[in-house]
Structures are given as C-alpha cells and as structure tokens.
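What follows is a short report on a single structure.
The values are calculated or read from the model by the stated rules, or taken from the named source; none is laboratory data. On a predicted model such as this, the values are computed, not experimentally measured, just so you know. Cβ placement follows ideal geometry from the backbone for every residue including glycine, while neighbour counts extend to all protein chains displayed.
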C-alpha cells in the first residue's frame, strides 16, 4: 500500500508539472499572439505614415514568428520608419533586424549613372519580372542595395526598382557631381547612333534616345566629340543634340512641349515605358516635359498632385488632362489648346495619337470625354 501511494503521488506530481507547463505555453502563445497583432497594427500604421507611396521608397519589412520569438526584418529607405520601429523593439520585446538603406556594405559608392541608351527598371531581380519604369543614359540613380547582377536603384524623381548592373556606371559622389555639372547636352531626336569615329561608316559604340545626357568634349566639322558616363568617347552629329533647356518663358515651353509631343506621334504603347522607344501615358508626358527642362513625377496619379487646377474651357497648350473614375486617376494627356489633346493611348489606342473632346470633331474620343476628371497647369508655375 505504501508503494501504491508513492506511485500515485508521483503520477500526480508529473500531471501537475505537465499542466503547469501547458498553461505557461498557452499563456506564452496568447501573449505572443497579442504582441504579434499589436506589432502588425503598429507596422501598418507607421508604414502608411512614413511611406504613403511604395513606388517612391523601399518598404520591404516583414514580421516573423519563430520558436516563440517575434522578429521584424527587411530593408527600408525611410529613416523615420526605421527609427520608430527600432524604438518599439524594447517595449514590445521583439528582435529588430531591419537594414536602413543604402546598404553600409556599399561604402561611398552609392551613386550610379545610366550607361546605356535606355534600360528597364523591374519590380524584382528577374528579366521576366514586370517592368515598372525605364531609366535613360546620363541620368543619375542612387544605389541602395546589390545582389547578383542587380542594383536596387532610386531615380532622381524617386522611383524605386531593380536595374541590371551592366546598365549602371557605379561611382562616388564626386564623379556624380562632375557628371551632372558637365553633361549639359541632350539628344533631341527620338533615336540615333553614337559612332567610334566622326564617320557614319565607323563602328557604333552606343544607341542614343531622346533626352539622353552627354558631355561634349569638342567639335569636329559636323560632329560633336562626346563622353559617355563610363568615360567612353564617341562622335554624334551636331544636328542630333542641343543644350538642355533652361530659363525658357511660358510661350517657349509651350511650343517646345507641343513640337516634341508631335514628334513622338505613333510611338507604341509600352507598360512601364518611359522613353522615345515606347512608353505608357505618364511616361509619355514625363518624357515630353523633360525636353523643355521640366521634371514631372513618374505616375499619372503623382502628376495629378502638382500644378494648378484650370477650367476645361480655358485649356492652353501644355496643360495636363487627367482621366479616371471617381477620385482615381488612371490616365494623363497633354492639351494642344482648345479641345484637342495628344497622349499615349494605352492599350485602347496602342500608340501616341491626337484626339478631341469635341463631339463634332472627326478625332472625337467619347471614352476619354466621359472619363475626364480635371486639368492642371504646370508650365506657368515652372517659369515663375
């Protein structure tokens, strides 16, 4: 009987220990679950606050639960978001492993200059990933991170995406400054060739497209000797380039924008395109305005946030027309003054073309008329 009592007592003790451990585990899981929900809510709130537009910043942050611990890891370009999350890590008891970009491993070489006529900017590190933008020769980018054959870059208008390393000349701040101060010429044709000698029968060294920036070293007869971002020397026809527009008045801006928009008539639609080889609606307007020295944001919804509202009956050359549904902007066009406008027609029209808001016009576009939201004036503000 004594032995049986001892065994019973031992069984009870083991059962009690198991119950205590189980209760602690359940309580710990409940605590972790509550902390996880709290942290997820805080992460979303802070992300929305400090990075309202994910196309203009890196917000690659995730929350993981492993072996009873919560970990926040990833990368961001927002110092405010990084610092606020770091401050929460003590009070909410989670591991904080978020890198503030640029990656410290890059050292001083966090700048790059696009070294080919035009290159895709992709959503992910794959040539099959969606193209979200294009970058063109002579424009600078900030390099935030590198992996494999790719750089995570941010353009001078803040768009973020992945570009192949072979398309970017990586440099330090001193060379970036030198390039931006001296690359004062732009290509004014939709496309041309840079040759190895002042002779069109010589070997080409690069293609060039509208708005490519170059440094002109000297002139030889009908040729300019030019330097590309990586130091290569070539020759381009004098008729193909011009000084980058600065200090133009409103009338000059209007004429330049309309003439360059017309020169792109027939250029095909390309999702994410932002060059004279192919573009989407906002890529078209950004490219055209760039010819007049005006830098627009990248997307139609971003372009809609700048400028001054104007009445549709008071449209002038170069005003931007915005289309969509409700408050959502989905399309942008350039007014030619009056009722006619020129735009990259997206998948509906397939190319840059001219249409009208006037039902009596032979080029009337009823769909665009019915989805017109408002118009903005950009040029007058850019010349003040």
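Observations, loosely collected:
- In summary, residue 308 fulfils each of the numbered conditions (1) surrounded by fewer than 15 Cβ atoms within 10 Å (Cβ to Cβ); (2) at pLDDT below 95 with the single exception of condition (2).
- Counting the residues of the range 369-384 that are at pLDDT 95 or above and over 25 Å from the mean Cα position of the chain (by Cα) gives 4.
- Those residues of the range 43-75 which are assigned to a helix (DSSP H, G or I) and either more than 17 Å from residue 95 (Cα to Cα) or touching a helix residue (DSSP H, G or I) at 6+ places or on another chain (Cβ under 6 Å) (or both), in sequence order: 44, 45, 46, 47, 48, 49, 50, 54, 55, 56
- In this entry, residue 202 passes the filter for residues that are part of a loop (DSSP other than H, G, I, E, B) and outside the structural domain of residue 288 (by TED's automatic domain parsing).
- Test: residue 89 is within 24 Å of residue 153 (Cα to Cα), without any contact (Cβ under 8 Å) to a residue 24 or more places away in the chain and in contact with a strand residue (DSSP E or B) (Cβ under 6 Å, 6 or more places away or on another chain): no
- Looking at 253, 331, just one residue is under 21 Å from the mean Cα position of the chain (by Cα) and either closer than 18 Å to residue 377 by Cα or in the same structural domain as residue 159 (by TED's automatic domain parsing) (or both), and that residue is 331.
- Residue within the range 254-272 that is crowded, with 23+ Cβ neighbours inside 10 Å, in a helix (DSSP H, G or I) and touching a helix residue (DSSP H, G or I) at 6+ places or on another chain (Cβ under 9 Å) present: yes
- The residue list 229, 297 contains one member that is outside any strand (DSSP E or B), touching a helix residue (DSSP H, G or I) at 6+ places or on another chain (Cβ under 8 Å) and not assigned by TED's automatic domain parsing to the domain that holds residue 368, which is 229.
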